[in-house]
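Right, one structure below, let's go through it.
Any read-out appearing in this document is the output of simple, stated calculations on the displayed coordinates, not a laboratory observation. Please read all numbers here as calculations on a predicted model, not as lab measurements. Here the Cβ positions follow ideal geometry from the backbone for every residue, glycine too, while neighbour counts run over all protein chains shown.
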Amino acid sequence: MSQTRKMLCIFYGLVSVIALIATWSQNLLYLQGEHPAGFGQYILDLKASGSARSFTVDIGLFLLAGTGLMVTEARRLGVRWVWAYVVLGFAIAISVTFPLFLIARELRLAKTETTSSTVGLNPTDLIGLALATIIVLGMCAYILF
């Protein structure tokens, strides 16, 4: 496995773990609050404001596009259990399961890679990924704390 693929797997793994902690810490707080709300109220609260609706629709449509990518890539590469990633994306969080699928994809690609097909990231890619990571983690920290 190339160094780039290893680094991508580590990156995807970290995103998945952070997503699991960040999303489910909030879900548990919500469900165990002073006035425990059920799933029905949770769904209603997704419509509470324009920003909540925007994020809900954004994540929902990302889940849809991600599902299309996961299924077609899984079939192309022979990644098993693709529908488990999709179902768990709905049940847990797509921000948790999509990176896990990407790890499975990278591992599958590594089995078939040749020296000429190795993916390489240029400095602009690395800077862009670093900036995107800083922006998203900063946004998450602001929202959560």
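Could you list all residues from the range 61-81 that are within 15 Å of R108 (Cβ to Cβ) and either loosely packed, with under 13 Cβ neighbours inside 10 Å or touching an Asp or Glu at 6+ places or on another chain (Cβ under 8 Å) (or both)?
Residues satisfying the conditions are T72, R75, R76, G78, V79, R80, W81.
Check whether at least one residue in the range 104-112 is within 21 Å of K6 (Cα to Cα) and not in a helix (DSSP H, G or I), and report yes or no.
no
Going through the range 1-18 one residue at a time, which ones are more than 19 Å from N122 (Cβ to Cβ) and crowded, with 16+ Cβ neighbours inside 10 Å?
Across the range 1-18, the qualifying residues are C9, Y12, V15, S16, I18.
Give the residue that is farthest from the chain's Cα centre (by Cα), with candidates limited to residues of the range 59-85 that are closer than 20 Å to V17 by Cβ and of a type outside the set (S, T, Y).
If we take residues in the range 59-85 being closer than 20 Å to V17 by Cβ and of a type outside the set (S, T, Y), then W81 is farthest from the chain's Cα centre (by Cα).
Just to be sure before I move on: is A132 exposed (fewer than 13 other Cβ atoms within 10 Å of the Cβ) and under 19 Å from D58 (Cβ atoms) in the structure I sent?
Against the criterion (exposed (fewer than 13 other Cβ atoms within 10 Å of the Cβ) and under 19 Å from D58 (Cβ atoms)), A132 qualifies.
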